[in-house]
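A.B. asks: Just dropping this structure here.
The values are calculated or read from the model by the stated rules, or taken from the named source; none is laboratory data. Source: prediction; values computed, not measured. Virtual Cβ from ideal backbone geometry, glycine too; neighbours counted across all protein chains shown. When the accessible area is computed, the model is the full protein with side chains, heavy atoms only, and any ligands, DNA or RNA have been set aside. Shrake-Rupley method; radii C 1.70, N 1.55, O 1.52, S 1.80 Å.
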Amino acid sequence: MPFIRITVLGPTLAAEQIRSLQQGTTDLMTSVMRKPLEGTAVLVEQINQGGWSIAGKPVQVAAQVESTIGLGTNTPEEKGRFMKEMMQLLRSVLGKELREETYITFHEFDHNSYGRGGLTRAQREHRRSAA
């Protein structure tokens, strides 16, 4: 963990824009949120046309970021800093049309409620300590 899903509505993103979102998000997760590089996954999903509206009005550019992290692993200050810097990253890639109503959320899971590679976190830690 973490897993970050960035959903974007707007013109087709160029490969370098997608890479910028992936790398910038990974950098924020490892620096601001203190997450290990290993296991940090970023998915950029693009909606080229859709029914995205804000305040009941259609928009041409929009984004939402959902971050899945372990419960209790970050302070409110770290989460706030991540949100601020993530918004700056989104605006640098998507442009100034991106509105303030861009949601950046955290879904926090108890460490017993997720796994990676078919192993729970406890099983991975046990393997690491036995090595």
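A.B. asks: Being modelled with pLDDT under 95 and on the phi < 0 side of the Ramachandran plot is true for just one of 112, 74. Which residue is that?
C.D. replies: Answer to the selection: 112.
Every residue, every condition in (1) open to solvent by 30 Å² or more (accessible area, probe 1.4 Å); (2) assigned to a strand (DSSP E or B); (3) in contact with a Phe, Trp or Tyr (Cβ under 7 Å, 6 or more places away or on another chain), yes or no:
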site: 29; (1), (2), (3): no, no, no
site: 38; (1), (2), (3): yes, no, no
site: 45; (1), (2), (3): yes, yes, no
site: 90; (1), (2), (3): no, no, no
site: 100; (1), (2), (3): yes, no, no
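A.B. asks: Can you tell which of 19, 34 is out of contact with any strand residue (DSSP E or B) (no Cβ under 6 Å at 6 or more places or on another chain), part of a helix (DSSP H, G or I) and either β-branched (Val, Ile, Thr) or surrounded by fewer than 15 Cβ atoms within 10 Å (Cβ to Cβ) (or both)?
C.D. replies: Answer to the check: 19.
A.B. asks: What is the one condition in (1) on the phi > 0 side of the Ramachandran plot; (2) modelled with pLDDT under 95 that residue 34 does not satisfy?
C.D. replies: (2)
A.B. asks: Does the stretch 60-80 include one or more residues that are in a helix (DSSP H, G or I), farther than 29 Å from residue 127 by Cβ, open to solvent by less than 80 Å² (accessible area, probe 1.4 Å) and out of contact with any Leu (no Cβ under 9 Å at 6 or more places or on another chain)?
C.D. replies: Yes, there is a match, as at least one residue in the stretch 60-80 is in a helix (DSSP H, G or I), farther than 29 Å from residue 127 by Cβ, open to solvent by less than 80 Å² (accessible area, probe 1.4 Å) and out of contact with any Leu (no Cβ under 9 Å at 6 or more places or on another chain).
A.B. asks: Need the failing condition index for residue 117 against (1) open to solvent by 60 Å² or more (accessible area, probe 1.4 Å); (2) within 17 Å of residue 66 (Cα to Cα); (3) not hydroxyl-bearing (Ser, Thr, Tyr), just the number.
C.D. replies: (2)
A.B. asks: Given the structure, is residue 96 open to solvent by 30 Å² or more (accessible area, probe 1.4 Å) and either in a helix (DSSP H, G or I) or under 20 Å from residue 2 (Cβ atoms) (or both)?
C.D. replies: For residue 96, the condition - open to solvent by 30 Å² or more (accessible area, probe 1.4 Å) and either in a helix (DSSP H, G or I) or under 20 Å from residue 2 (Cβ atoms) (or both) - is not met.
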